[in-house]
Amino acid sequence: MSKKVFVTIDGNEAVARVAYKINEVIAIYPITPSSPMAELSDTYSSNGEKNIFDSIPDIMEMQSEGGASGSVHGALQTGALTTTFTASQGLLLMIPNMYKIAGELTPTVFHVASRSLAAQGLSIFGDHSDVMSVRQTGFAMLASGLVQEAHDFALISQAASLRSRIPFLHFFDGFRTSHEVSKIELIDTDTMKAMIDEDLVAAHRARALTPDNPFIRGTSQNPDVYFQGRETVNSYYDALPHIVEEEMQKFAHLTGRHYQLFDYIGASDAERIIVLMGSGAETVHETVDYYVAKGEKIAVIKVRLYRTFSLSHFIKRLPQSVKSIAILDRTKEIGASGEPLYLDIVTGLSEENEKGTLPFKMPRIIGGRYGLSSKEFTPAMIKAVFDELSKEKPKNHFTIGIHDDVTHTSLEWDATITIEKDTVLRAVFFGLGSDGTVGANKNTIKIIGNGTDNYVQGYFVYDSNKSGSVTTSHLRFGPEPIRSSYLISHANFVACHQSVFLEKFDILKYASHGATFLLNSPFSKEMVWSKLPAKVQQTMIEKSLQFYTIDAYSVAKKTQMGRRINTVMQTCFFAISGVLERELAIEKIKESIEKTYGKKGKKIVEMNYAAIENTLENLHKVEIPKKSDSTLELQPSVKGDFDDFVAQITAKLIEGEGDALKVSQIPDDGTWPSGTTQYQKRNIAIEVPQWDPDVCIQCNKCVLVCPHAVIRSKVVNEEHFQNIPDTFHFVQAKGKTFEADEKFTIQVAVEDCTGCALCVEVCPAKNKSQTNLKAINMVAQEPLRETGAANWDYFMKLPNYDRNKLDHAKMKESQFLEPLFEFSGACPGCGETPYVKLASQLFGDRMVIANATGCSSIYGGNLPTTPWKKNDHGLGPAWSNSLFEDNAEFGLGFRLAIDKHTQNARNLLEMFQEEIGIELAQTILQSQQEDEPEIFEQRKRVAALKEKLSTLGHHEAKRLLSLSNYLVKKSVWMMGGDGWAYDIGYGGLDHTLASGKNVNILVLDTQVYSNTGGQESKATFTGAVAKFAAGGKAQLPKDIAMMAIAYENVYVARVAMGANDAQTVKAFVEAERYDGPSIIIAYSHCVAHGYDLKYGMDHQKLAVDSGLWPLFRYNPKLALEGKNPMSVDYKGPIIDVKNFMYQETRFKMVEKMNAGAAIEFLQTARSNAKNMYARYKNLEAYYGKEIQKDGAQS
Amino acid sequence: MKLDTSYMGLALKNPIIAGASPLTASVDSIKRLEDAGAAAIILHSIFEEQINHESHEIDHFLFKGSESYAEAIGYFPDMTLTNLESHTYLEEIASLKKSLSIPLIASLNGVSKGGWIEYAGKLQEAGADGLELNITYIPTDTDMDGMTVEKLYLDALQAVIDTVNIPVSIKMNAIFSSPASMAKQFSTLGAKGLVLFDRPVHVDIDLEELTARQTIHYSTSADISESLRWTAILYKKLASSLCISTGVHTNEDVLKAMMSGADAVQMASALLKNGESYITTVLEKLTQWMEEKEYISIEQMKGSISLHHTVNPAAYQRANYMRLLTEYRY
């Protein structure tokens, strides 16, 4: 056996490292939490890393998981060792091919980071809902519960699959295992070679489709043979458990790590036994060890091989002493008599009992659900389950981990129970996404994992926002392998990297008695105590904490580290936690810095070294006084005029106390109130824009581009200005639309701003005396917090301008319309949300939105708060997210239903027009509602109609009343990213375009799968580096606009707000007015492009000027009016593509990796820019000529 | 006709060096410059900011937005970046050294103490025959006195000289209170060559955008004046060799430079305007002129009209400025 090599990696990497080595073709598609396995494989491949067969695996990104499974099927059928990685809905899309692959007895392994399925809501977190949905496909299922096991089972499953010819689904818990960083022993190449039998690989290849040995597979079968055909495979499945067992033994022989189909841990005379699989089993293992040592007769059986479920192996593991068994499923099977694992075991044991072959008295069996969507599953809960097993009449079909006060399924547990060992150091860190806390902790784990004999575990929790998100790092270090698959609740080290958190969350609840508490505070060691809220002071005294403080931001600033405090806080941790000897720790940090940054330049290394030295000088221990003397209170989590729901539910979610909510408090059908972001004042910006009315030219550009709708303008008649706050400014409104007594004001929601500065960059007005100042300038947020909030409240109460008096197609005037999408959790400087907000301003009161899964569904609908809101009349966008792949179809469904309602209403109206009044009925029926004033008139008429109807008592009148709102125009929108529109949803999108129906499609085109971390899509520009295109994309992006134009009756626009905002607004208005399918493809800058997003709008302009993002509008309505439908709205390539591309990291990186390829990419992009312009101009010229001809003829 | 000369200890076949410019940023044009007769190449400058900025930029943008959201732990693949600008520059030197037969001088632009000084060592390792240090420091701090500024220059030069064995020259600027004294101090520290002078990027104001901006203007022959003056003054006073780098456009300019006491000249603007082959033209005319005037070598004319050897030393002195104006007026 060769020397043991330990590495500190996460579960995804542990699997990818094996899967890559033992496969030849890998078909991939991004889906959380499995994406990193695919990304790593692509990176290995682009780095030229070889597999054990001495070749570089081919990695192919597909358009969907359905596509990936199809390619896997094809590659398997033609004899390649093939794999894929997926989760959740992705796995569901693979089901059809899984049946085929299994039916054809084809060896392969699908590696699944198991995740919840979207039901009443989507969840990216872990449970077994997905894998349990494919248990009937014929795939064998092998479950791993630790990072080490995921690594090992990736190999064992492949070996067993090759031998058994049965495809495997190897799964491990999403996030809990896929993203947990752990120290594991690496499998070497020799072991892989020893496990993968070359003869079996050859046998697989010999079964391949080839014209050299032709045969037919995949026939269409009839009643005569299909049934028998299904039964032919039984013997293969019968043989499977034994094969897996043998492969596990072989693996144990090679590595010393032993696994069994069912692993039994606990007392040999156990009476109460829990059975489960996945990471939860490890926590039960740990809990069993703890209580067995105290004399309890309990045990756990970890299910490894779930399909084929070998009852005989299972029964062998059960001791004679068994009296009761609890079977825990991490899934919910509604309507069944129990969850899957429970049913398997109950049925099996009952059958044996019936036959009289059960070697012990039939135990009492209960089943329960736990851990859905990564819900915590702790030793305290496990104790409750064991306790339940002791009861005379234990609860069956229970839940554990929630409080079910509706159907009373839940078991109660004592949350104070902890079994954490003294030998394990437990540390919890609170940081901001942007401050480098998680990165530093990952680094710390590696330092300790790789540099000492300790075992390590790191798990990271992120909140729901993409801007200003709070991160919590849970780190464990100890001398034995760590099985604690749950968050730390009793930490002996707690660090708060942002002092404001202390005013928002109960951070110290994580600290155990006598724990060390490290605080990054701007205050001196003398002052820091007095600046703490009273509750924090009290807890510190009660728990006798050791208190350390550092002003990390000032150290970072002094050492040129900017706002990155990672190295500073990491040094503090090592200096005071005692996990390593201080000198050694410092040396290790320095080594790691050299390793990370050495190649990138000496300067960064020097800065980090300086930061370390400075840290030690500025880290202070603070003596805790005996009494609390603070009057500071914790900040309320919600502010404003909110309802009970927000007070009882939303506020709890924001406070991080959502786990305590009871079943009765949660909406039962996934319906949540909209417009709740306004109550969560996040105060995350360090600087916010401030308006200078003297310089402002009232162009409203800042209002347009603000991604979070925090800058707004109003024109208000001066009569409304009463009791004006001192710092509230307004000036005479400019422009012909406005009267002399109308005033213009701009206000900033300073508490909601993310500080992106996009508005300042886009402001065209310069201060004539100080040209570095504009009409809006970034200033410190803190001093403005109170006055800013008061001004905002005042502003919001001022009336909105009469919509009917504004020209909505004019950019400036469109920005006086109230946005019905505000304060979302999108990234600071997001390029998508300004378009989303614009649509809400223009059509919000009549919009129904189908939103494809992706960034826009996350910032649009990720709890705790929702950005879509109502206007003062109670009207606003109705929003829903179905799936990623079906959004166009989903939205088309909206249209069909609404049209049906409208038609029914019209029929009824016509039928009863005399009763209602012919004039009213006819005016309603004849109204075209082409523009907003007409729609408003129609609303008034419908109100009159409703009044009339309410006086009529008959059945049809009631029907018409319930449908009458559909007599007012509804605007159907489908929104989503390029991943949806170009790739996974293109089939449906294309079908919707072909339908001729009046729908509006908004493609928020960032040219990557932004939400899952920037994977390549068919919109990705040539020469851009993206995940899955690690070497830069060589192909051209798809011209989806041109494809849509080919239908001739589709309104098509390509827009880029930063290049031409007037054209953008026009396109939105025209698209919505067009009575047929419309598609707007909107260039959206994105954090995945790699530059400071405050320049986002400038980059949009560069993209257009380079010719890589053409601007045009194709309006079929104009053709009907005898006008040219095609309007090319840009001047073609007027700058070289390089002047756009090399401003962004995504393109520039290629040059730094492969200069030759970079030159080719530039050349390809250059000719693409030229060709696109020619194509669009030709089209414009063609239609121009046609119209002239038509004109001449008429 | 002997055109050869010696500059900072390097033997040059003629006095015309291709100065740092976009033309010395590409292998192809460097080859063309050599073919046209350039006696040495000053590679395009690599800036301290460039070396530092690039690493900061990569670090910043590759990790920006990472570790903030559960679905997107990062936004870029794990990339192996082998062609950082600073690496590329070194590779360029190494590959050029293989194909060039004339000396190759790297140009390093920086001022602070720090990691970039080590980069000088890497330039030497890569095969540079010499190093031209270009320090342009604009002291905007009203509390920073002249001595402090001078010390920055001297310290940077010292640090580079301590790091390498190849000859180091320094590109001076003309706005020191006492250029001659500075030149002496540079020379004493061990600068093998003094390049007169650096031409800072021009500043302009954009009235449309209401912003200040940098512009690049080509020099003309008229710009050679200050370099001639200080070369003439410094000739034979220092151990360092002298090189004129501003306003050298014609064969006459080369002759004037030599006669004032320069050992070599650098051409940049003239080549950008007229192309690489222009060196051939200048060399031909130079030879022609020397033949006509019966000069046998460059060496023969060096310093022949320096401060000490001119019949009119007053021409180089400030007092004459007034007379020049007077003559101009009448």
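Counting the residues of the range A:467-485 that are within 28 Å of the chain's Cα centre (by Cα) and in a strand (DSSP E or B) gives 7. Within the range A:457-472, residues that are more than 8 Å from every other protein chain (Cβ to nearest Cβ) and more than 17 Å from A:ARG426 (Cβ to Cβ) sit with their Cβ atoms under 8 Å from residues that are assigned to a strand (DSSP E or B) and of a type in the set (Val, Ile, Thr), at 6+ positions apart or across chains, in these pairs: A:ASP463/A:VAL470; A:ASP463/A:THR471. Can you list residue pairs whose Cβ atoms sit under 8 Å apart, with the first residue in the range A:19-33 being away from chain B (no Cβ under 14 Å) and farther than 25 Å from A:ASP188 by Cα and the second being among the acidic types (Asp, Glu) and outside any loop (DSSP other than H, G, I, E, B)? Count only pairs 6 or more apart in sequence or on different chains. Pairs found: A:TYR29/A:GLU61; A:TYR29/A:GLU65. With the requirement that a residue be surrounded by 23 or more Cβ atoms within 10 Å (Cβ to Cβ) and either polar (S, T, N, Q) or modelled with pLDDT under 95 (or both), what does the range B:1-18 give you? Across the range B:1-18, the qualifying residues are B:THR5, B:ASN14.
Can you pull out the residues in the range B:73-105 that are more than 24 Å from A:TYR1142 (Cα to Cα) and within 13 Å of chain A (Cβ to nearest Cβ)?
Passing the criteria: B:ILE73, B:SER95.
Sort out which residues of the range A:787-804 are assigned to a helix (DSSP H, G or I), out of contact with any Phe, Trp or Tyr (no Cβ under 9 Å at 6 or more places or on another chain) and closer than 19 Å to A:LYS743 by Cβ, and write them in order of number. Scanning the range A:787-804 gives A:TRP792, A:ASP793, A:MET796, A:LYS797. The residue list B:ASN83, B:ASN52, B:ASN14 contains one member that is among the polar types (S, T, N, Q) and within 26 Å of B:SER241 (Cβ to Cβ), which is B:ASN14. Restricted to the range A:584-636, and to residues there that are in contact with a strand residue (DSSP E or B) (Cβ under 8 Å, 6 or more places away or on another chain) and part of a helix (DSSP H, G or I), the residue that is surrounded by the most Cβ atoms within 10 Å (Cβ to Cβ) is A:THR615. Scanning the range B:11-30 for residues that are closer than 11 Å to B:ILE102 by Cβ and not in a loop (DSSP other than H, G, I, E, B) yields B:ALA11, B:LEU12, B:ILE16, B:ILE17, B:ALA18, B:ILE30. Does any residue of the range A:326-343 turn out to be farther than 19 Å from A:ASP130 by Cα, crowded, with 17+ Cβ neighbours inside 10 Å, among the aromatic types (Phe, Trp, Tyr) and at pLDDT 95 or above? Looking through the range A:326-343, none of the residues is farther than 19 Å from A:ASP130 by Cα, crowded, with 17+ Cβ neighbours inside 10 Å, among the aromatic types (Phe, Trp, Tyr) and at pLDDT 95 or above. Of the residues in the range B:125-136, at least one is closer than 18 Å to B:SER240 by Cα and either of a type in the set (Phe, Trp, Tyr) or not in a strand (DSSP E or B) (or both).
Residue-by-condition table, conditions (1) among the small types (Gly, Ala, Ser); (2) more than 28 Å from A:ARG304 (Cα to Cα):
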residue	(1), (2)
A:SER41	yes, no
A:GLU49	no, yes
A:ALA68	yes, no
A:PRO107	no, no
A:GLN120	no, yes
A:MET141	no, no
A:VAL147	no, no
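Could you please let me know if A:ALA1067 is of a type in the set (Gly, Ala, Ser), more than 14 Å from chain B (Cβ to nearest Cβ), under 24 Å from A:GLY985 (Cα atoms) and in contact (Cβ under 8 Å) with a residue 12 or more places away in the chain? In short, yes.
For the range A:75-119, the candidate set comprises residues that are β-branched (Val, Ile, Thr) and in a helix (DSSP H, G or I); within that set, the residue that is nearest to the chain's Cα centre (by Cα) is A:ILE95. Out of all the residues in the range A:852-862, is one or more more than 29 Å from A:CYS763 (Cα to Cα), of a type outside the set (D, E, K, R), out of contact with any strand residue (DSSP E or B) (no Cβ under 9 Å at 6 or more places or on another chain) and not assigned by TED's automatic domain parsing to the domain that holds A:SER1078? Yes - at least one qualifying residue is present in the range A:852-862. Of all residue pairs spaced 6 or more apart or on separate chains, those with beta-carbon atoms under 7 Å, a first member in the range A:1014-1029 that is assigned to a strand (DSSP E or B) and a second member that is modelled with pLDDT of 95 or more and β-branched (Val, Ile, Thr) are A:GLN1015/A:VAL1008; A:GLU1016/A:VAL1008; A:ALA1026/A:VAL1008; A:ALA1026/A:THR1020; A:ALA1029/A:THR1020. With respect to the conditions (1) hydroxyl-bearing (Ser, Thr, Tyr); (2) more than 9 Å from chain A (Cβ to nearest Cβ); (3) part of a helix (DSSP H, G or I), B:THR140 lacks only one, and its number is (3). Just one of the listed residues (A:LYS1123, A:LYS1170) is over 21 Å from A:GLN1015 (Cβ atoms) and either within 14 Å of chain B (Cβ to nearest Cβ) or in a loop (DSSP other than H, G, I, E, B) (or both), and it is A:LYS1123.
For A:ILE56, which of the numbered conditions (1) hydrophobic (A, V, I, L, M, F, W, C); (2) surrounded by fewer than 24 Cβ atoms within 10 Å (Cβ to Cβ); (3) within 26 Å of the chain's Cα centre (by Cα) fails to hold? All conditions are met except number (3). Are any of the residues in the range A:742-750 part of a loop (DSSP other than H, G, I, E, B), touching a His at 6+ places or on another chain (Cβ under 9 Å) and at pLDDT 95 or above? Scanning the range A:742-750 turns up at least one residue that is part of a loop (DSSP other than H, G, I, E, B), touching a His at 6+ places or on another chain (Cβ under 9 Å) and at pLDDT 95 or above.
Of the residues making up the range A:574-583, those that are in a helix (DSSP H, G or I) and either without any contact (Cβ under 8 Å) to a residue 12 or more places away in the chain or not assigned by TED's automatic domain parsing to the domain that holds A:THR437 (or both) number 2.
The values are calculated or read from the model by the stated rules, or taken from the named source; none is laboratory data. Since this is a predicted model, take the numbers as computed values, not measurements. So basically every Cβ, Gly included, is an ideal-geometry build from the backbone, and we count neighbours across all protein chains shown.
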